[in-house]
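First the structure, in the form of structure tokens, and then the observations on it.
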């Protein structure tokens, strides 16, 4: 059981590092949006490193940065229980019942979905990379495969998060009381 907890801790540390690095894209997104709005209002266009940064490229860059921000935080949000939950039915259940439901959801819904989706995400990324796909817009961003690589990574981060959460629920349900407390301090966290 302690090996499962150690695995979960290692996964959580990795996802936390990825999320903290991905958080910098929030600043990049804000700067890009501000520059796009200002340049459109004042009617100028900047060329940076020989690349014209017109409104089309800036708008594509905005959604790329937003997607990267979302995809780097996706797995971490799940292990931190920061995702949306609907507790109308399960809100009054005791921690052990909630742990069983979470483990059931991980094994029956999340893992099978990810096992089916990951090969498609892989093909989506690799085909784009092999074709050196760019934007469909005439003056859009090149290398569309980069954002597709982040999408592929996002699926992997969710898979890691599901494994981590499942390990913690198993330890909580089957481990000794001291390990169960380490796996889920104070029982399962409640959403507010």
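Miscellaneous remarks
- Residue in the range 14-22 that is under 17 Å from the mean Cα position of the chain (by Cα), modelled with pLDDT of 95 or more, surrounded by fewer than 16 Cβ atoms within 10 Å (Cβ to Cβ) and not in a helix (DSSP H, G or I) present: no
- When residues of the range 105-137 are limited to those that are assigned to a loop (DSSP other than H, G, I, E, B) and free of Cβ contacts under 8 Å to residues at least 60 places away in the same chain, the one farthest from residue 166 (Cα to Cα): 136
- Test: residue in the range 148-166 that is modelled with pLDDT of 90 or more, over 16 Å from the mean Cα position of the chain (by Cα) and surrounded by 12 or more Cβ atoms within 10 Å (Cβ to Cβ): yes
- Filtered residues of the range 102-115 (kept if surrounded by 15 or more Cβ atoms within 10 Å (Cβ to Cβ) and farther than 20 Å from residue 181 by Cβ): 105, 106, 110, 111, 114
- Sole exception among (1) in a loop (DSSP other than H, G, I, E, B); (2) surrounded by 14 or more Cβ atoms within 10 Å (Cβ to Cβ) for residue 84, by number: (2)
The values are calculated or read from the model by the stated rules, or taken from the named source; none is laboratory data. It should be emphasised that the depicted structure is a prediction, and the values quoted were computed from it without experimental measurement. A quick note on method: Cβ atoms are made from the backbone with ideal geometry, for glycine too, and the neighbour counts reach across all protein chains shown.
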